[in-house]
Amino acid sequence: MEMAKIGAIPGGGVNRAAFSKEDVEARKLLIAWARQHGFTAAMDAIGNLFIRRPGTDPAAAPVMTGSHMDSQPRGGRFDGIYGVLAGLEALEAMERAGVKTRRPVELVAWSNEEGGRFAPCTMGSAVYTGAHALGEFREVRDNEGVVLEDALAQTLGALPDVGKRELKAPAAAYIEAHIEQGPLLEQERKTIGVVTGIQGLRWFNVEVFGETAHAGTTPLGGRKDALREAIAAINALHELTRDAADTVRFTIGRVLVEPNSPNSVPSRVLFSVDVRHPDLATITALGAAVEPTVREAAKRCTVKVTPTLSDDPCAFDPAVADCVERAARALDLPHRRMPSGASHDAMYMARVCPTGMIFVPCEKGISHNVEENARPEDLAAGARVLTAALLELATKS
């Protein structure tokens, strides 16, 4: 709740955008809490923040946990930050109990997971693991025209006493704790979700170019109305993604209109496309169909379709899932295995080390919303499972 004061907005939510002053303030608070226990802090070139509790073997690759601190513009208090604070609680509990682990245990707060300010999402983990190069994102701009490279430099410069961490550093394993962001655990009265993988996604930016004209004098038949054509394209995409099984996820989450004046015909519209599905063949086919569908629908204007993110479905390491399930059983917590519908930084870590996730229920499944909520006892249970799983992995030979 103290962390939620940073970027607090009406309704009980938070607005803590990546590389903002609120992001910097949250980082400083996390570092201050970590240093109370003698943990060290470091950041890499994309601003990922690492908190380290050493092991008895300094040469051993660390077991890692974490999530993200940034939020949606009207986000909740638990999305992402729960996994960061549960990880810090795990490190603190180990320290207070005097537990020794062979491997170091590290907490990581990933940069720009949400993609709400600078698209695409999961940027920090993508760069850290080498799935994408930092140079691919330096010139990305937010809605106000701020360049990511400048915002990142300000964030790094605001924390000069933090050590430096190399990209692509080895990890022995990674576990991420998170609220479910869906209703299944609450509906089934399960406390712990043992996550088996993440569905695939395709992201695009679609730009529709028309021609500005006077709203009162230009006949409808002669207009090149970018917004009207964009709406036609969006409707066509809704038809493309219609699914009787309700497994496809399709979202238009961002729309920019120019000149954005009530008495001018829109000359340019940019909108985002987010399509997701757990089956590789299905998500591949849907992604390939986006551009031709848009072009067929928006016939009166010029169209540009730019892919911004492409992630195939991800399967987590069965051994890590088994480790999480053992911890839940030992603590006598009701649990179930389940996939994740949302993307998380764990999907990139799964490419470089054994990876898993722990879900806890959130009220009515609501997330990315100021009404997002979770019960303290469920959050605590997730932290206990996380701590037990981290200890098992960090003491292995």
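Number of residues in segment 181-209 that are part of a loop (DSSP other than H, G, I, E, B), open to solvent by less than 30 Å² (accessible area, probe 1.4 Å) and touching a strand residue (DSSP E or B) at 6+ places or on another chain (Cβ under 8 Å): the value is 2. For segment 313-331, the set of residues classified as out of contact with any Gly (no Cβ under 6 Å at 6 or more places or on another chain), open to solvent by 40 Å² or more (accessible area, probe 1.4 Å) and more than 22 Å from CYS362 (Cβ to Cβ) consists of ASP317, PRO318, ALA319, ASP322, ARG326, ARG329, ALA330, listed by residue number. Apart from one condition, ALA245 fits all of (1) hydrophobic (A, V, I, L, M, F, W, C); (2) crowded, with 17+ Cβ neighbours inside 10 Å; (3) modelled with pLDDT under 95; the exception is (2).
Out of segment 114-128, which residues are open to solvent by 20 Å² or more (accessible area, probe 1.4 Å) and either assigned to a helix (DSSP H, G or I) or at pLDDT 95 or above (or both)? ARG117 - this is the single residue of segment 114-128 that is open to solvent by 20 Å² or more (accessible area, probe 1.4 Å) and either assigned to a helix (DSSP H, G or I) or at pLDDT 95 or above (or both).
Whether any residue in segment 248-256 is over 27 Å from CYS121 (Cα atoms), of a type outside the set (Phe, Trp, Tyr) and outside any helix (DSSP H, G or I) is what I want to check.
No: segment 248-256 contains no residue that is over 27 Å from CYS121 (Cα atoms), of a type outside the set (Phe, Trp, Tyr) and outside any helix (DSSP H, G or I).
Taking segment 248-267 as the search range and keeping residues that are within 30 Å of ALA213 (Cα to Cα) and open to solvent by less than 50 Å² (accessible area, probe 1.4 Å), which one is nearest to the chain's Cα centre (by Cα)? Going through the qualifying residues, I end up with ILE252. I'm checking my understanding of the structure. Among residues of segment 90-113 that are in a helix (DSSP H, G or I) and closer than 20 Å to ALA41 by Cα, which one is most open to solvent (accessible area, probe 1.4 Å)? Here the answer is ARG96.
Evaluated against (1) within 23 Å of GLY116 (Cα to Cα); (2) of a type in the set (Lys, Arg); (3) without any contact (Cβ under 8 Å) to a residue 12 or more places away in the chain, ARG242 falls short on exactly one condition, (1). Scanning segment 259-268 for residues that are assigned to a strand (DSSP E or B) and either within 14 Å of ILE234 (Cβ to Cβ) or touching a helix residue (DSSP H, G or I) at 6+ places or on another chain (Cβ under 8 Å) (or both) turns up just one, ARG268.
Filtering segment 269-309 down to residues that are in a helix (DSSP H, G or I) and among the charged types (D, E, K, R), which residue is least open to solvent (accessible area, probe 1.4 Å)? Out of the qualifying residues, it is GLU291.
The values are calculated or read from the model by the stated rules, or taken from the named source; none is laboratory data. These numbers come from a predicted model, not from an experiment. Using ideal geometry, Cβ is built from the backbone for each residue, glycine included, and neighbour counts are taken over all protein chains shown. To get the accessible areas, we keep the full protein, side chains included, count just its heavy atoms, and leave off ligands, DNA and RNA. Shrake-Rupley method; radii C 1.70, N 1.55, O 1.52, S 1.80 Å.
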